[in-house]
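Take a look at the structure below.
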There are 2 protein chains.
Amino acid sequence: MSQKVGKQSIAFENGVYIDAMASIVGKKEGNGPLGHEFDMIVEDPKFGEDNWDAAESKFQNETAKLVISKSGLAKESIRYIFAGDLLGQLIATTFGIAELGIPLFGLYGACSTMGESISLGAMTVAAGYADYVMALASSHFASAEKSFRFPLEYSNQRPYSATWTVTGCGSVIIGKDKGIAKIEGITTGKIVDYGIKDAMNMGACMAPAAADVIYNNLKDFHIEPDYYDKIITGDLGYVGQTILIDMLKERGIDISDRHYDCGIEIFDNDEQDTHSGGSGCGCSASVLCSYILKQLEKGYWKRILFVPTGALMSPISFNEGQSIPGIAHAVVLASE
Amino acid sequence: MSQKVGKQSIAFENGVYIDAMASIVGKKEGNGPLGHEFDMIVEDPKFGEDNWDAAESKFQNETAKLVISKSGLAKESIRYIFAGDLLGQLIATTFGIAELGIPLFGLYGACSTMGESISLGAMTVAAGYADYVMALASSHFASAEKSFRFPLEYSNQRPYSATWTVTGCGSVIIGKDKGIAKIEGITTGKIVDYGIKDAMNMGACMAPAAADVIYNNLKDFHIEPDYYDKIITGDLGYVGQTILIDMLKERGIDISDRHYDCGIEIFDNDEQDTHSGGSGCGCSASVLCSYILKQLEKGYWKRILFVPTGALMSPISFNEGQSIPGIAHAVVLASE
């Protein structure tokens, strides 16, 4: 029986599993420390398409087809897709998954989208609304840069607090069959706004939301950080990591010995000049659907808290002088 | 017990209800044929804010606070919000509902968002994950025009197939208490792409998706159109209505005697020069949360199919020459 727990969490007690995973990333991600973990590395940043946006759609399309193939299921068995990306009106998703002809719940949680999609997917399967669903999220360095920052041709200087948007896509199939890892629970995040307005310091924008959802996860489930082998944020980077650890320490919680950030790990900053680390929906999604789930599958980690982190910014709100609020969604994943 | 039905539907057999509703619209909508149905009409299109985007956020914020007030619940009883809008990265939602401090699932389904938010909200309540959730969607004429079409100052000519984006917001509280109407089931839509590229003819872009989800609703539940007193689309307008009725006739289904389109009804085209009709997330959301739910509450209609319709377009994909696919999500609503 699944049930609500505390103020903003749900426990899945009747068994919901990640049955299959797939990840496809770009060349720079393939050259990083986790390069050997991904299913496919695409050398051409345009993936054979005419533009960056269409390329991101192709990352989604190929990852979706790959995860279905790896699951051994017929496409018709996937009842719903929960998916999203960073681009305006989710165009990477629209043109990426339309061809599959599977009912879609389009989601926007900025870079927290993989947490949101797995949360809703697990809720759907646990309630018996579907036998299998797909959760998916993507980002692309070039489509994101031109949407959110500057045209690439402008070659702007990047401050050390800036992150590098990951080109990649990760996807899982969620079902009731024992598989790669068990989804034990979720904690859904609130928007947290500390008034930060620096689009070149997304880590600082997102860290308060990550701290809030981690705090509430521990509180709702009445646990301490050592309940988890790792507490894994999406793309806080070095700057955001420091803030997160400090903010939780102020509330008497020390996660410094078990914090892992996908953005920090996906690139080698010394070699790859990525400054604060990787970012984007595709960062946490691709690292989850490769390295992280493999650690759980092999039993190296028993239980983790996966916390993709999103910065709720658009070029419009940014140019109108608005702050950049954060949101983060937490998923409890366990080795079987 | 709730259960999956057919290929893409869910039946809620254990009672999920719309417990409260609220709608706030702009001046033009207030002057339309349904003007007396809405909770509040705001004369100032900027709603006291500095820009159109912030104004749309204020429509969301005020509507959310009003629906909570009308429900008689404490804010803390609303466990999750399912919400979205049309703007890039959902900024109307971010800045509209952040203040409430309620866990958020951000959704993007273009103008179908109210169908998506009610679907996921009902799934959540029926499964026991929450006692009460909020579903909400908004749009604003001016924020949408500048995002998707032309700057207002340009005063472009609008073809007769163009629709007029509704300035407004609608919101419901979904729970297990008997209330305004019962949510009996949902049918979740697929992306349907007929290759149409005319951003001034959104009705034609969306009609195939509406036809597909209505067809599958009837098939999944083994029913005929006369199961419903009304089949209500979101914002197909006059052009889309004709296409929808024709497409379903080709499949042997006649809905012409019971089709109602929120976009056609919200404005008086002869008096208000709105061409094909109203559109936007706020169109179906505000008409649902006023006129439609009142007809069910009073028992004038016994059962309806509510089908908000979305055109999956962004300025980027449009300028890159992509088509405008459609999506629609259906909700079965019944008088108690």
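Just so it is clear, none of the values below were taken in a lab; they were calculated from the coordinates. Computed from a predicted model, the values in this text were never measured in an experiment. As a convention, Cβ positions derive from the backbone with ideal geometry for all residues, glycine included, and neighbour counts pool all protein chains shown.
How big is the dipole moment of chain B about its Cα centre under a simple scheme where the beta carbon of each Lys and Arg is +1, that of each Asp and Glu is -1, and everything else is neutral? Debye, nearest 20, please.
So the dipole magnitude of chain B works out to roughly 740 debye.
Given charges of +1 on the Cβ of Lys and Arg and -1 on the Cβ of Asp and Glu, with all other atoms neutral, how large is the dipole of the stretch B:15-175 about its Cα centre, in debye to the nearest 20?
That gives a dipole near 200 debye.
Which residues' amide hydrogens lie under 5 Å from the amide hydrogen of A:Glu184, considering only partners 5 or more residues apart or on another chain, with H built in the peptide plane?
Here A:Val332, A:Leu333, A:Ala334 satisfy the definition.
Which lysines does B:Lys230 reach when only Cα atoms under 18 Å apart count, and residues fewer than 8 places away in its own chain are ignored?
Reachable lysines: B:Lys182, B:Lys219, B:Lys249, B:Lys294, B:Lys298, B:Lys302.
Output ³J(HN,Hα) for the stretch B:13-19: one whole-Hz value per residue in order, computed from phi by the Karplus curve 6.51 cos²θ - 1.76 cosθ + 1.60 with θ = phi - 60°, and x for Gly and Pro.
Karplus values, whole Hz, x for Gly and Pro: 9, 9, x, 10, 10, 8, 8.
At 222 nm, what helix-only mean residue ellipticity would chain B give, in deg cm²/dmol to the nearest 500, using -39500 (n - 2.57) for each DSSP H run of four or more?
Result for chain B: -9500 deg cm²/dmol, rounded to the nearest 500.
Over the stretch B:181-334, what is the mean sequence separation of C-alpha contacts under 8 Å (at least six apart), divided by residue count, expressed as relative contact order in percent?
Computed over the stretch B:181-334, the figure is 39 percent.
Put a point 7 Å out from Cα along the line to Cβ at A:Glu153; what are the distances to that point in the other copies, in nm, shortest first?
Computed spacing set for this position: 2.5 nm.
Residues of the stretch B:103-121 with amide nitrogen under 11 Å from the 7 Å Cα-to-Cβ point of B:Phe150?
none
Which whole number in µm²/s is D for chain B by Stokes-Einstein, with the Kirkwood Rh taken over Cα pairs at 10 °C and 1.306 mPa s?
Answer from the Stokes-Einstein relation: 83 µm²/s.
Given points 7 Å out from each Cα along the Cα-Cβ axis, report the A:Thr242 to B:Lys302 separation in nanometres with one decimal.
6.8 nm
Relative to the other copies, what are the label-point distances for A:Arg251, with labels 7 Å from Cα along the C-beta vector, expressed in nm at one decimal and sorted shortest first?
Ordered by distance, the counterparts are at 4.8 nm.
Residues of B:119-131, mean number of Cβ from any other protein chain within 10 Å of their own Cβ, rounded to a whole number?
Partner-chain Cβ atoms within 10 Å, mean over residues of B:119-131: 4.
How many angstrom lie between the Cα centre of the stretch B:255-326 and the Cα centre of the stretch A:60-95?
28 Å
Kindly put B:Leu152, A:Leu86 in sequence by how many other C-beta atoms sit within 10 Å of each C-beta, fewest to most.
B:Leu152, A:Leu86
Would you work out if the stretch A:165-208 is rounded, prolate or oblate? Take a ≥ b ≥ c from the square roots of the eigenvalues of the alpha-carbon gyration tensor; rounded if a/c is under 1.5, else prolate when a/b is larger than b/c, oblate otherwise.
Taking the square roots of the gyration eigenvalues as a ≥ b ≥ c, the stretch A:165-208 is oblate.
Specify which residue in the list A:Cys283, A:Phe267, A:Gly299 is farthest towards the positive end of the charge dipole of the stretch A:231-305, using unit charges on the beta carbon of Lys, Arg (+1) and Asp, Glu (-1), about the Cα centre.
A:Gly299
If you count, for each residue, the other Cβ atoms within 10 Å and average over each peptide, how do B:26-37, A:199-210 line up from highest to lowest?
A:199-210, B:26-37
Out of A:Ser155, A:Thr113, A:Ser77, whose Cα points farthest toward the positive end of the dipole of the stretch A:68-167 (charges: +1 Lys, Arg; -1 Asp, Glu; placed on Cβ)?
Result: A:Ser155.
7 Å along Cα→Cβ for the label point: how many nanometres lie between B:Ala74 and each equivalent label in the other copies, listed shortest first?
Computed spacing set for this position: 5.1 nm.
Counting other C-beta atoms within 10 Å, and keeping those with at most 15, which DSSP coil trypsin sites (Lys or Arg not before Pro) do you find in the stretch A:158-227?
Counting only loop positions with at most 15 other Cβ atoms within 10 Å, the trypsin sites (Lys or Arg not before Pro) in the stretch A:158-227 are A:Lys178, A:Lys197.
Hydropathy first: keep DSSP H helices in chain A averaging at least -0.5 on Kyte-Doolittle, then drop any whose Cα extent along the axis falls short of 15 Å, and list what survives.
Long hydrophobic helices here: A:113-126, A:202-220, A:237-250.
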